[in-house]
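Please treat every number below as a calculation from the coordinates, not as lab data. Here the structure is a predicted model, which means the values were calculated and not measured. Methodologically, a virtual Cβ is constructed for each residue, glycine included, from the backbone with ideal geometry; neighbour enumeration extends over all protein chains shown.
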Amino acid sequence: MRSKPKTKNALAHGLYANDLVLPWENEQGFVDLYHGIRRQLRPDGTLQDEVALDIAQWQWRKRRVHIGMQLAYRGHPDADAMAKAGEQGWDGVGRYLDETSGKPERFSDHARAAAKAQSKAVISISEAIDKAMAPLAKGKASPDSLDKIKQLTHLAEAANALSDHVVHALKYAEDYDLQQGPFQRAHRPDVLEKYSKIESHIDKQIDKALVRLVRLKEYDKMYPEVEVINPPAVEPAPPLSPLSVPEDSEQAHEPD
C-alpha cells in the first residue's frame, strides 16, 4: 500500500516549514514556534511577516545549539554511567568521579607518553652524535666512526620529522580534552564560554529583528496605506445625429 504524501506546512510567501528545518528535526515544532511568535508580535504586512519569520528561524537555531550540546555529551562513552550516577544526586556524581578520576587508557595519555618518549630519543641521539664527533675533533676519526656519525645524523633527521606528528597529536588531544568525561567538559569555563558566545550572537540578531519590526510598525502608523477609490464608470453619451437643413433655406443662400 502506497503511503500518503506528507502534508506541507505552509508559512508565508511560498515558504514551507520543511524548507527551513533539517530533515530529522520536528517540523511541527517549528510551525508552532512561528505561529506563537506571530500571535505575540502581530505582524501586519509582507515586510513584518518576513521579520517575524526571521525571528522564528533565529530562535529555532538557538534551540538547535542546545540540542547539539546534549548530543555532544550523550555521545561520550561515559554518558550512560554518568546519567545513572546522577539519579542519586550530587552524592552519586561525586562518588562516580572519585571512582573514575584515575581511569587509564585515555588518548591524551598516550599522546603525552609518545611526546615524552620522542623528546628523550632526540636527546639521546644528540648525545650520541656529540660523543661520536669527539674523536673527529681530535683528528682521530676512523671510517667506522664516520659511518656511525652519518647513521646518527639520518636518525636525528627522522626523529625531528616524527616530532611534528607527535606535536599535532598532542595538540589534538589537548584541544578536545578527550581525557575528561561529560561532567567535567560540561562545566569547563572555556566550553561554557563558547556556547555563551553563540547564544549571545543569536540574541543580538533577534534584537535587531525586533527593532526592525518596531520601525516598520511606526512607519505604517505615520504613513498609512491609502485606499484607492476608483471613480464610478460614466456611460458614454449617445452619438449626435447629423443636423437636417431645410431645402428652402439652402435655396435662400444660393446666389442670384
Discussion item. Could you give the length gained by full extension between ASP80 and ASP190, i.e. 0.36 nm per residue of separation minus their alpha carbon distance, to one decimal place?
Written reply: 37.2 nm
Worksheet item: For the residue pair ASP144 and VAL122, what label-to-label distance in nm results when each label sits 7 Å from Cα along the Cα-to-beta-carbon direction?
Response: 3.1
Worksheet item: Given 0.36 nm per residue, what is the gain on full extension from TYR16 to GLU87 after removing their alpha carbon distance, in nm?
Response: 21.4 nm
Fill in: Cα→Cβ-extended label distance, 7 Å offset, between ALA113 and LYS62, nm
4.7
Response to the item:
Least to most buried among TRP90, TRP60, TRP24, by other C-beta atoms within 10 Å and fewest first, runs TRP24, TRP90, TRP60
Item to complete: Please report LEU155, LEU53 as a ranked list, fewest other C-beta atoms within 10 angstrom at the top and most at the bottom.
Response: LEU155, LEU53
